[in-house]
Each structure stands twice: as C-alpha cells, then as structure tokens.
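Enquirer: Take this structure, written in structure tokens, and hold onto it; I'll ask about it next.
The values are calculated or read from the model by the stated rules, or taken from the named source; none is laboratory data. All values reported here derive from a predicted model rather than from experimental measurement. Here the Cβ positions follow ideal geometry from the backbone for every residue, glycine too, while neighbour counts run over all protein chains shown.
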C-alpha cells in the first residue's frame, strides 16, 4: 500500500464547530469529514490528525472526535490502525452532467408511460372510475371486521397463503359463478393488490420481453403500462361498437402473446362485445397460443336487462385469465383484486406465485369474505345499481338540456361513466384541464389512445358525483365548449408563438 498522504492541517478541519439545534458537535464533525471524502477534498489514503490533537484544535472533547471517527469507520470511510486513521480507497461518484441540454436517460418503455390522470387528495366530481363513497355501508363493513377481530386475530398477523385467504377465495368463487357465469374453483383464484397487480403478474408469468401484447384502442392505460413495463411490443387494436375488432391481417402480422380486453363493458367507450366476436376471439387465441386477459372491472353494474356473463365461462378450457377488483364495487383504497386462472395454468404457476406473493391484507380479506357470505355485498350492489342508474339518467338529461338533444353519448348500459363525444377538431385535453381548474375531473378520450388521430371526447364519471354536481358540471362543460379553441387552432397558436 502506498504511503498515506499527510493531512493538510488547517485547510479543512480547523474551522470551529458550534452547537446547533438538532445537530450535535459529533454529527457536525462526522458530516464535515464525510462530505470532504465524497467530494474528493480528502483523497483516498489521506492520513487524518490524531484525535487528541484535533480535539485541541477544535476545542471539543476528545470523545466527540473518537465517536465521529468510529462512525466513519463503521460506514467504511476511514481505516484505522496503530499509525492512525486514513481515508479508505472508495470509488467516488461521477460528476453530474451539465444541466443545459441534458437529461437523465431512461428506458424507452418508461418514457412512454405518460399519464393523462390528475390526482388529488379529494375525489373531484365527474372523475371516472370512482364509486359512490358516501354510500358505502360502513355499519355492515364494521360488523364484518369485528367478527374477524373477535376470532383469534393473532393467527392473521403472520404471512398467509400467497394465493390469498381460502375463505375469500371460496366466497368469491361462488359469487362469480352465480353473478358473472365464471367457471372456477377456489383453487384457481389468486387474490391480488388490485387488478393492476393481476395485470402485472400476467405479463411477468405469461410473456417474455419482446413478445407482442394487444390492447384496446382507445383503452385502459394500465394495461398498456403493465405491458410496457414488461418490455412487450404493444399493439393497439381498434374498438368498434362491438368491442375489440382485430382483422385477419393483424393476426398474421402481429400475432399476440397476450390480449387485453374488457368485453362486458369496454373501457372507456362502453361497447359490449358480441357473442360471435367473443367466440371468434377465443378460437383465434387458441390457434395462436395466446392468452386473453379479460378485465371485468364493473360488470356488476348493468342497467339494461340481465348482467352479461363473462367470456371466460363461454367454453370449457378457454385461454382466459379473468381479472377484477373491489375498487368499483366497494372502495378503491381497499386494494383487493383477483385473477381466475385456468385450472391447468393455476397448477403450473403456483410455485412461481408462491415466490412472487407474500399473502398480506389477511384481516381485510377475511372481513371481505364475511361481508360476501353474509349477503351484505349483494345487498350493497343492488342498492348501488339503483343509485348509479338514477345518476346516469340525471347526467344524460343535464347534457341534453345544455348541449342539445343531438348530443352524442357513448355507453350507458353498464358501469360508472359516459363518454361525451366531441368534434375531432376540438382539443379535449385542454378542455379537461380547464374543467380541472373549475373543480371537475373528467378524462380526455384522446388520452386513452396512442394513434395520431385519436377520437375526441370527455369521459364523465357519475359514480361519486351527486345530482347537483352533475347538473352544474354539465353547465360548466357547455360554457367551456362555447369558448374552447379547436386542436387545429391551438396548434396554430403554438406554431405562431414558436
């Protein structure tokens, strides 16, 4: 080892230390030396003065210096021996790049994950995807929690089954069979932290980087995000009045490994996939050895006729992973979702799932199982169907009164939102931003698309918006539409400004 360099006395450590609020003399000395080492002022091998001499120079206790030196040694900044203390040979971080004209490089898939959502600590009117939080049955939920807490809760404090509490999986299997036509046994169900984790697990376990994943266009951004995070090639597939509409050429030119769709109530357009198209999709997926991810995010809320059954239950052995959550039926902060795997796939994936999952939220899972088994969940769904049907009718009527009888609305047979279609020359992103400033939070339809000429519109959530707010929101939309510049005009203004 080369000889240690002598310490430059008086150049760095001679500045006096003083008592400060929240920082001791020992901490000040420790940080001073640490910063000097990390910035290169004290190069590797530099020998520091003796603790006794430094204490005299700084007019502090020797124990203060010794304790600071001990902390520096513990963190690997100093090496001490009989000859004293010296700076350890460490690799210093590279200097930061110039600020002008530079940026931190990120993976392409991360750069593409641009959210059109705005977030707030409070749920704003017209925000899509939010249920009626003020109508949540707290008393019934409290009873379910109390039943769990009174039944030896200590056993629920440790890790549980990584696939989820069996009580919840049993209750959920029965509910899905009766209400959604899903074919499954409890052993096929995996409890997740929301539907988004279920999507991420599908990407992780059923695809490889570079595979192709189909998503609806326009469609749920979370599906695209999960696929991009898994380094898949994302292929947007057009949606029409019958849902996902791939043509024969697309099956040949971009055969998928994963197909994400929401056939019961397409998000955000509200289209319902016909039986013929569902069967065709199942057949083609089987032929191309692709997996279909069926997202049934709000199929429990249908207002016309009987609920539409899941595509998963149409044929036996369907290559479908059925996913859902309780964010719309109960409340988003619960963060409980699920996926139903084909029986053979559940057996194959079980070892990997045991490595990836840890079986948490056991109290909430047990409470939810009791909530479903007691019938409180079914009663809550029935109550919410009536409420949402009334709120949707209120919103429709308010939009007709303010925008005219010819207003174009998409969806409405199911779910918690409507789409107000706008002329293609209007800038729906700018309009949504102005509505946010006015206290409303609809989505811009074009932000659910990745193409160059997306449809324009507003995605209007009515689930958590009362009657007065729905009417006021419709009037605000009308006022802003009268003053809103078109996308063409906005581009012209930007070009002129540049």
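Enquirer: Being buried (at least 24 other Cβ atoms within 10 Å of the Cβ) and in a loop (DSSP other than H, G, I, E, B): is that true of residue 268 here?
Expert: yes
Enquirer: Further question: Could you identify the single residue in 390, 397, 469 that is more than 26 Å from residue 224 (Cβ to Cβ), surrounded by 17 or more Cβ atoms within 10 Å (Cβ to Cβ) and at pLDDT 95 or above?
Expert: Details: 390 fails: surrounded by 17 or more Cβ atoms within 10 Å (Cβ to Cβ); 397 fails: surrounded by 17 or more Cβ atoms within 10 Å (Cβ to Cβ).
None of the other options fit; the residue is 469.
Enquirer: Return the only residue of 280, 333, 346, 276 being under 28 Å from the mean Cα position of the chain (by Cα), free of Cβ contacts under 8 Å to residues at least 12 places away in the same chain and assigned to a helix (DSSP H, G or I). Steps first, please.
Expert: On the way: 280 fails: under 28 Å from the mean Cα position of the chain (by Cα); 346 fails: free of Cβ contacts under 8 Å to residues at least 12 places away in the same chain; 276 fails: under 28 Å from the mean Cα position of the chain (by Cα).
Only one candidate passes the filter, namely 333.
Enquirer: Being part of a helix (DSSP H, G or I), under 30 Å from residue 391 (Cβ atoms), within 37 Å of the chain's Cα centre (by Cα) and at pLDDT 90 or above is the requirement here; does residue 143 meet it?
Expert: Taking the combined requirement at face value, the residue satisfies it.
Enquirer: Kindly provide the set of residues from the stretch 440-449 that are more than 16 Å from residue 476 (Cβ to Cβ) and outside any loop (DSSP other than H, G, I, E, B), ordered by number.
Expert: Our first condition is that a residue be more than 16 Å from residue 476 (Cβ to Cβ); within the stretch 440-449, this holds for 445-449.
Within the stretch 440-449, 445, 446, 447, 448 meet the criteria.
Enquirer: Do we have residue 452 as under 26 Å from the mean Cα position of the chain (by Cα) and assigned to a loop (DSSP other than H, G, I, E, B) here?
Expert: Taking the combined requirement at face value, the residue satisfies it.
Enquirer: If you check residue 239 against the conditions, is it assigned by TED's automatic domain parsing to the domain that holds residue 317, touching a residue at least 12 places away in the same chain (Cβ under 8 Å) and over 21 Å from the mean Cα position of the chain (by Cα)?
Expert: yes
Enquirer: The conditions are (1) more than 20 Å from residue 239 (Cβ to Cβ); (2) outside any loop (DSSP other than H, G, I, E, B), and residue 419 fails exactly one of them. Which is it?
Expert: (1)
Enquirer: So for the stretch 355-364 (the condition being in contact with a helix residue (DSSP H, G or I) (Cβ under 6 Å, 6 or more places away or on another chain), assigned to a loop (DSSP other than H, G, I, E, B) and surrounded by fewer than 17 Cβ atoms within 10 Å (Cβ to Cβ)), does at least one residue qualify?
Expert: No.
Enquirer: Only one residue in 74, 97 is loosely packed, with under 12 Cβ neighbours inside 10 Å, within 48 Å of the chain's Cα centre (by Cα) and modelled with pLDDT of 85 or more. Which one?
Expert: 74
Enquirer: Which one of 385, 391 is out of contact with any helix residue (DSSP H, G or I) (no Cβ under 8 Å at 6 or more places or on another chain), farther than 20 Å from residue 482 by Cβ and not assigned by TED's automatic domain parsing to the domain that holds residue 302?
Expert: The unique qualifying residue is 385.
Enquirer: With respect to the numbered conditions (1) under 24 Å from the mean Cα position of the chain (by Cα); (2) under 25 Å from residue 262 (Cβ atoms); (3) surrounded by fewer than 22 Cβ atoms within 10 Å (Cβ to Cβ); (4) touching a residue at least 12 places away in the same chain (Cβ under 8 Å), which one is the sole condition not fulfilled by residue 325?
Expert: So the condition that residue 325 fails would be (3).
Enquirer: Sort through 250, 201 and tell me the only one that's farther than 16 Å from residue 415 by Cα and in contact with a helix residue (DSSP H, G or I) (Cβ under 9 Å, 6 or more places away or on another chain).
Expert: Of the residues listed, the single one that is farther than 16 Å from residue 415 by Cα and in contact with a helix residue (DSSP H, G or I) (Cβ under 9 Å, 6 or more places away or on another chain) is 201.
Enquirer: Restricting to the stretch 133-148, count the residues that are under 11 Å from residue 376 (Cα atoms) and touching a helix residue (DSSP H, G or I) at 6+ places or on another chain (Cβ under 6 Å).
Expert: The total comes to 3.
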